[in-house]
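The values are calculated or read from the model by the stated rules, or taken from the named source; none is laboratory data. All of these numbers come straight from a predicted model, not from anything done at the bench. Here the Cβ positions follow ideal geometry from the backbone for every residue, glycine too, while neighbour counts run over all protein chains shown.
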Amino acid sequence: MDLDLLLQLVKNGVVLGLLYGLFAYGLSLIMAATGIFHLAHGLALVATAYSFWWLFAAAGLGALVATVLSLAVGGVVGVGVELLVYRPLRRAGAGHMAQLVASLSVLTLGQSLLELGFGSDAKAVPPTAFLDWTVAVGPLVIRSWDLLVLAASVVVFVALYVLQTRTPVGLSFRAVGDNAMRAETLGIRIQRTYLWVFLVGSVVAAMPGVLLAVQTPTRPSMGFELLVMAVIALVIGGVGSMPGALLGGIVIGLVESVAAFRLPTEWAHLVLFALLFVFLVARPHGLTRATVRHA
């Protein structure tokens, strides 16, 4: 029945949207605190996905150990970009355009190195009994992967809310993002805060990397592809807004999935970019308003 199919597409869209929202949330966190449009964010995701595939499928480590180590790889990538790229650029007085170009260069170079090291063929995690589990709830088919995405989203969003509202580190993110010079006069160490921001934001980006690695074959280009979706999510939800990242992710997940209900599959991206154009023209601040300073 058409209604059953529509409900299934809506469920798929919400799950996909949560995945996009997770990735966009990490990007938004970094942008809100540093003002940097961190395109190399995609490298943290794809490096994590390859790390999980290698640790779990090739090295034979358990799923939990492989996940923890892979998330650490994503965090190291983010911190490395801050230390080796953005910090020297700030010391040299480079503007945000130079940082943007450098970030894009890091993403491109990183993906090329991964392709050189692992090859251009997609790397798939072997199927496991747990990941093949499904249950029917009325007309909906719920997969174990759907529940993994939902659980990861809830844990990450709750943890980040607590971090940013109840801990000195999280409060320093907000203070630096609002006014870095004033935050420094209050005793907040800006450079250390930047390291924490990139570590946390990149680990958040690494989570979708693990979730994608167990569901779809890992490819060098997947970091850039998810980055495009994250940028669309932020434009729709509101650049620099934490709730906006989640809301924008769910919106584009639903649009991408439900568009296939009446349109050919290849039209989904056309609808998505048409929606992006509408928001850019009619509501450039997105569904939620937030401001992002430039570093």
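V77 meets the stated requirement of being in contact with a Ser or Thr (Cβ under 9 Å, 6 or more places away or on another chain), in contact (Cβ under 8 Å) with a residue 24 or more places away in the chain and not in a loop (DSSP other than H, G, I, E, B).
The set of residues from region 129-146 being more than 18 Å from the chain's Cα centre (by Cα) and surrounded by 12 or more Cβ atoms within 10 Å (Cβ to Cβ) comprises L131, W133, P139, L140, V141, I142, R143, S144.
Residues in region 216-238 that are in contact with a helix residue (DSSP H, G or I) (Cβ under 7 Å, 6 or more places away or on another chain) and not small (G, A, S): T218, P220, M222, F224, L226, L227, M229, I232, L234, V235, I236.
Have a look at V214, V210, V231 and point out the one that is touching a Phe, Trp or Tyr at 6+ places or on another chain (Cβ under 6 Å), closer than 30 Å to L55 by Cα, aliphatic (A, V, I, L, M) and surrounded by 14 or more Cβ atoms within 10 Å (Cβ to Cβ). First the steps, then the outcome.
Details: V214 fails: touching a Phe, Trp or Tyr at 6+ places or on another chain (Cβ under 6 Å); V231 fails: touching a Phe, Trp or Tyr at 6+ places or on another chain (Cβ under 6 Å).
Sole residue among the options that is touching a Phe, Trp or Tyr at 6+ places or on another chain (Cβ under 6 Å), closer than 30 Å to L55 by Cα, aliphatic (A, V, I, L, M) and surrounded by 14 or more Cβ atoms within 10 Å (Cβ to Cβ): V210.
Cβ separations smaller than 9 Å between residues 6+ apart or across chains give no pair from region 185-214 residues that are farther than 25 Å from A175 by Cβ and of a type in the set (S, T, Y) to residues that are modelled with pLDDT of 95 or more and not in a helix (DSSP H, G or I). Checked against the criterion of being in contact with a His (Cβ under 7 Å, 6 or more places away or on another chain), hydroxyl-bearing (S, T, Y) and within 26 Å of A33 (Cβ to Cβ), region 94-109 contains one or more residues that satisfy it.
Among the listed residues L100, L114, identify the single one that is at pLDDT below 95, more than 19 Å from L212 (Cβ to Cβ) and hydrophobic (A, V, I, L, M, F, W, C).
Details: L114 fails: more than 19 Å from L212 (Cβ to Cβ).
Testing whether each residue is at pLDDT below 95, more than 19 Å from L212 (Cβ to Cβ) and hydrophobic (A, V, I, L, M, F, W, C) leaves just L100.
Residues of region 176-200 that are part of a helix (DSSP H, G or I) and either touching a Pro at 6+ places or on another chain (Cβ under 8 Å) or among the charged types (D, E, K, R) (or both): D178, R182, E184, R192.
Inclusion of L69 among residues that are free of Cβ contacts under 8 Å to residues at least 60 places away in the same chain and closer than 27 Å to L195 by Cα is warranted.
If you go through region 142-175 one residue at a time, how many are in a helix (DSSP H, G or I) and basic (K, R)? Number of matching residues: 2.
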